[in-house]
Structure formats: C-alpha cells, structure tokens
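Data first, discussion second: the structure below is written as structure tokens.
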Amino acid sequence: TLKWIIQDDEDYNSQAINQAAALLKQGQTVAFPTETVYGLGADATNSAAVLKIFEAKGRPQDNPLIAHVATLEQLTKLVDNIQPYVKKLIDTFSPGPITYVLPSNGVCAENVTAGLSTIGVRIPDHPVAQALLRNCDIPIAAPSANISGKPSPTTAYHVFEDLQGKIAGILDGGATGVGVESTVIDCTEAIPTILRPGGITVEQLQSVVGDINVDPALVSATERPKAPGMKYRHYSPEVPLWLVQGTSLEIQQVIDKEQANGVKIAVLASASTAKQLRAEEIFSLGDNMNEIAAHLYDALRKYKSSDVDLIVCEAFSEVGIGQAVMNRLKKAASKYMEN
Ligand code: TXA
Ligand code: MG
C-alpha cells in the first residue's frame, strides 16, 4: 500500500506536500526529490523511524545518513562549532548539492550518525524538498532512495522499482536535475576535506576557501575512506560495465573484439562519441558533462541482462562535475581500460 503522491502544482503548497509531511511526522518513510537524486526520508529525531530506512534499503548499519533541513537556522540547531570558513561555504553553496560534516550536538537520533561524533547536514535546493522540509519543521534523515549497491534514483519510477512494498510513500516531483549526489565535505578541521565528489565541484570550493584536501581514498585504491559509505561497492548495473578510456576508434576496437565472441553490447557515451560508434544499443548521455551527469543513473539502470551482456562506457575527463561522474563510473565498473 505504497502512496504515490504527485506534486505538480506551481505554488508547492499543496495537498501532496501535506500528505508526505504527515507520513514523515508519523514516523513513516517517504521518498522525495532533491536537486541531486531522490532521498528516502524519515524523522531524524526518531530512531525507530530512522531504522526503517536502513531496513528498506538493506543498508549496513555503520553507514551514517545525511540530515536534511530547509534553512541555515535549522542547520545550526543540529551541530556545534561552525568555523568561519564553513559559514562562507554555506553562504555561497547552500541551499545546494553539498553536505557538510560537522560536530553533532546529539539532537538527531544516534543511528542517523551510526554512532559517530559528527553529522552530515545538507540544505537541498529543490523546491519540492524545500516545501516538504519547511512543512515538516523537523530534520529529515535521507540517504539516496535506492537498494544499497544499486545506482541512485533520479526519477520516482526508479524508487518504485527498488523500494515498492518497503516504504510508505513516494513524493513524485519529476526527474531530478543534477543527477549525481551532493559533494560531502568534512568541515571539522581547519582545512576542509572532500570525502565524496559531487554536485559542487572542487574548483568551485577552491574559489571560496582556497585550501582544500581530498580524502586520499578518492585517489588511491588502498586507502580506507573517511566517509563510511565510500568503501562499499556502489552504483552497480545489472550487467557488467567496462569503462574504456580512449578515442572513438579505440572504444570501437574493444566493442568489435567482444562482438566477435557473440557478446551483446550497449554503449554509453557523450553525444559526439556515440555518433561514431556501432553496437546493439547506443545510449547518448548528452552533449556536455552536466547533461552526462543528469542522465548517468538512468542509463546505468536501463540495461537488463535480458537485453545485453555487457555495457561499454566512455571514460570522461575528471574536471568539474566530471570528477563526480568518473568517481561513480569507476565504482560501477568491473573493468577499467586505459589506452
Ligand atoms: O545528494 C545527496 O547527498 C543525496 C540526497 C538524497 O540528499 N543523499 C545521499 O545520501 O547521497 P547517501 O546516504 O546515499 O550518501 C551519504 C554519504 C555516504 O557516503 C556516507 O558515508 C557519508 O555521506 N556520510 C554521512 N554522514 C557522514 C559523517 N558524519 N561522516 C562521514 N561521512 C558521512
Ligand atoms: Mg547512496
């Protein structure tokens, strides 16, 4: 008896928002759109409600959740010690696709932070998320609304595919915009550290605070990541994915060699590369990196083992939002071929 609640009026002050907020206030789980991906929400101050998130997703209990709030005022009620540079980051990038890891003051339930002394907090920018959070007036814990290990959902239908029968509702606000998750940045030290690349780019962050560290685990495969969630296998499509770096000609050679062995292939590539490739299925991710990010998870979910045996995906340059896209693709890939 999942409630599929459609939010489609223009003032975001509708019956739909009220219905979703009522379920959340009752301690139920509701998926809702943000500008990055759909989140699976529950009252962050209610540990029984938060537990339902872990159960629905099959999420390991040691992986902390992000607390979502509508305003800076609400954010400050969840944390201690906001250093001056954090105020600067918040002023510049929030509401938006960025999560700050800050010392927790214990207002949120302990299972939100998986027992850590810090908490990830985010002010999303999506009008539906904003309306919902303002209506609830409580912090909402929300990981991406997918089964753990699968690509994050960028449409209400993706959520339905993964979580039907396991959650109370979906607030459907259409496809999300950014398409990859928020940047997670640890702001507990004098110099901030990026734990997960995302919607706000390293270049954007550097332009505001100058010095920024990057979690060594993002660069070297042998380091243990500081964001618990980054150690898990993630974003896995149903069929194996090979990430291939090189010219169109080099990518085509990989395709041809596999096809000669009877392997059925779907290709994911930028519009310009896609035009030059031949395979059973060709999926153009878009003309530029923003479009590629927006379409990535839909593409990773599209191909089932009944359609193809292998996904071959073009590797992109790791600048701007390309860093987040390549971070996700490297986790999704069973093989990375560098030419
Ligand atoms: O865009 C997003 O961030 C989406 C939308 C729904 O807001 N949410 C999302 O949540 O991607 P999730 O749970 O799928 O990813 C949160 C990441 C995980 O890697 C988790 O380990 C890390 O943030 N994280 C959360 N709290 C943390 C903390 N206190 N310290 C370190 N890492 C933390
Ligand atoms: Mg996730």
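Here are some notes:
- Residue among Gly210, Ser305, Gln252 farthest towards the positive dipole end of the chain, charges placed on Cβ: Ser305
- Take the Cα of Thr222, step 7 Å toward its Cβ, do the same at Thr92, and the gap between the two points is 3.4 nm.
- Alpha-carbon centroid distance for the pair the range 183-247 / the range 135-158, whole angstrom: 20 Å
- Coupling constants for the range 271-280 follow from the phi torsions by the Karplus curve (6.51 cos²θ - 1.76 cosθ + 1.60, θ = phi - 60°), and in residue order they are 4, 5, 6, 4, 4, 9, 10, 10, 6, 4 Hz; glycine and proline get x.
- Taking amide H positions as modeled 1.01 Å from N, with prolines and chain starts lacking one, the residues under 5 Å from Val214 and 5 or more places away or on another chain are Ile194.
- Sparsely packed trypsin sites (Lys or Arg not before Pro) within the range 231-339, loop by DSSP, other Cβ within 10 Å at most 12: Arg233, Lys275, Arg278, Lys304
- Karplus-derived 3J(HN,Hα), 6.51/-1.76/1.60, for each residue of the range 65-72, Hz, glycine and proline x: 9, 8, 8, 9, 9, 8, 9, 4
- Dipole magnitude (debye, nearest 20) for the range 265-339, charges at Cβ of Lys, Arg, Asp, Glu: 200 debye
- Among the listed pairs Lys231/Lys335; Lys150/Lys275; Lys150/Lys304, a Cα-Cα separation exceeding 23 Å is found for Lys150/Lys275.
- Sequence-distant residues sharing a close amide H with Trp4 (under 5 Å, placed H): Ile170
- Placing unit charges on the Cβ atoms only, positive for Lys and Arg and negative for Asp and Glu, gives the chain a dipole magnitude near 760 debye about its Cα centre.
- With 20 Å bins from 0: P(r) over the chain, alpha-carbon pairs, percent: 32, 57, 12, 0
- Dipole moment magnitude, nearest 20 debye, the range 139-269 about Cα centre, only Lys, Arg, Asp, Glu C-beta charged: 360 debye
- Length released on extending from Lys231 to Val319, taking residue separation times 0.36 nm less the Cα-Cα span: 29.4 nm
- Phi angles across the range 89-106 convert, under the Karplus curve 6.51 cos²θ - 1.76 cosθ + 1.60 with θ = phi - 60°, into 3J(HN,Hα) values of 5, 4, 4, 7, 10, 10, x, x, x, 9, 10, 9, 8, 9, x, 7, 9, x Hz, Gly and Pro given as x.
Every number in this text was worked out from the coordinates using simple rules, so none of it is lab data. Remember, it's a predicted structure, so these values are computed and weren't measured experimentally. A quick note on method: Cβ atoms are made from the backbone with ideal geometry, for glycine too, and the neighbour counts reach across all protein chains shown.
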